[in-house]
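The values are calculated or read from the model by the stated rules, or taken from the named source; none is laboratory data. What you see is a predicted model, and the numbers here were worked out from it, not measured in a lab. Here Cβ is always computed from backbone atoms with ideal geometry, including for glycine, and neighbour counts include all displayed protein chains. The protein model used for the area step is the full one, side chains on, heavy atoms only, and it has no ligands, DNA or RNA in it. Shrake-Rupley method; radii C 1.70, N 1.55, O 1.52, S 1.80 Å.
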Amino acid sequence: MSDDEKVKEKGSGLSRRTFLKASGISLSVPLVMQPRFVKVAGAQVKVFGPGKVPVSLLINGKKYQATVEPRVTLLEALRHELDLTGAKRVCDRGTCGACTVIIDGKPVYSCTVLAIEGEGKAITTVEGLMQGDKLHPLQQAFIDNDAQQCGFCTQGFVVACKAFLDTNPNPTADQINKGLGGNLCRCGTYVGVRAAVAQAAKGRRGGRRNG
Ligand code: FES
Ligand code: FES
């Protein structure tokens with residue numbers, strides 16, 4: 001019995017020769033590809049991949065270029081391609097908030113967004129919050145209110161709090177509770193986080209440093 005027949009008999013349905021041919025095809029895909037267009041129901045649709053594609057991202061007011069496979073999340077691109085490691089990978093499935101960034105004014109779990117989806121949008125990460133050599137008022141408020149322990153969730157909270165205060169500058173305690181419902185802290189620093197948000201909101205109302 002030939003090798004091909006033996007493999008088929010084991011039930012894979014794919015002979016060794018066929019497998020090697022298929023592998024050869026995938027290996028011949030160029031490493032960096034420009035997006036292509038295909039027609040779907042009369043409309044031109046942009047298709048990326050399967051190889052790496054160039055991506056241009058506007059992060060904290062600065063342009064970044066990278067080449068990534070289309071499957072790469074924004075979180076992975078930030079951490080592994082752009083050396084912006086503030087956003088943390090914890091659950092990697094959109095439940096904990098440790099990877100929160102702001103995209104066009106809205107808090108977003110960066111583990112749930114593809115890097116290529118970030119093109120043409122304004123992205124803010126925790127690295128963009130400091131004002132010169134001064135901490136952002138929220139960062140200071142987290143310190144003042146002892147709102148972190150291990151700190152792994154902290155950057156996600158700070159970014160989520162900024163997005164929250166930008167749209168709710170004068171929140172009630174109840175609104176703060178609900179507004180931060182998308183972030184989890186395994187160390188249980190919620191009391192401190194809520195106090196930090198209240199302090200930062202008060203600072204804004206008092207006309208002190210604004211962020
Ligand atoms: S790592 Fe993205 S939500 Fe948890
Ligand atoms: S401070 Fe440890 S998980 Fe929040």
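Collect the residues in the range 53-99 that are open to solvent by less than 70 Å² (accessible area, probe 1.4 Å) and within 16 Å of ligand 2 (Cβ to nearest atom), keeping them in residue-number order.
GLY86, ALA87, LYS88, VAL90, CYS91, ASP92, CYS96, GLY97, ALA98, CYS99
One line per residue, one yes/no per condition, for (1) closer than 19 Å to THR189 by Cα; (2) touching a helix residue (DSSP H, G or I) at 6+ places or on another chain (Cβ under 7 Å); (3) modelled with pLDDT of 95 or more:
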residue	(1), (2), (3)
LYS106	no, yes, yes
GLY118	no, yes, yes
ILE123	no, no, yes
ALA141	yes, yes, yes
ASN145	yes, yes, yes
CYS150	yes, no, yes
THR154	yes, yes, yes
PHE164	yes, yes, yes
PRO171	no, yes, yes
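Would you confirm, using the coordinates I've provided, whether PHE37 is loosely packed, with under 14 Cβ neighbours inside 10 Å and either modelled with pLDDT of 95 or more or not in a strand (DSSP E or B) (or both)?
Numbers: loosely packed, with under 14 Cβ neighbours inside 10 Å: yes; either modelled with pLDDT of 95 or more or not in a strand (DSSP E or B) (or both): no.
Spelling it out, it is not the case that PHE37 is loosely packed, with under 14 Cβ neighbours inside 10 Å and either modelled with pLDDT of 95 or more or not in a strand (DSSP E or B) (or both).
Looking at (1) of a type in the set (A, V, I, L, M, F, W, C); (2) more than 14 Å from ligand 2 (Cβ to nearest atom); (3) in a helix (DSSP H, G or I), which one does ILE123 not meet, given that it meets all the others?
If we test ILE123 against (1) of a type in the set (A, V, I, L, M, F, W, C); (2) more than 14 Å from ligand 2 (Cβ to nearest atom); (3) in a helix (DSSP H, G or I), just (3) comes out false.
What residue, among those in the range 142-166 that are outside any loop (DSSP other than H, G, I, E, B), open to solvent by 30 Å² or more (accessible area, probe 1.4 Å) and touching a residue at least 24 places away in the same chain (Cβ under 8 Å), is nearest to ALA196 (Cα to Cα)?
First, the residues of the range 142-166 that are outside any loop (DSSP other than H, G, I, E, B): 142-144, 154-166.
Then drop every residue that is not open to solvent by 30 Å² or more (accessible area, probe 1.4 Å), which leaves 143-144, 162, 166.
Applying the additional criterion that residues be touching a residue at least 24 places away in the same chain (Cβ under 8 Å) yields 144, 162, 166.
Details: ASP144: 7, LYS162: 11, ASP166: 15 Å.
That would be ASP144.
Scan the range 125-139 and give yes if some residue there is within 14 Å of ligand 1 (Cβ to nearest atom) and in contact (Cβ under 8 Å) with a residue 40 or more places away in the chain, otherwise no.
yes
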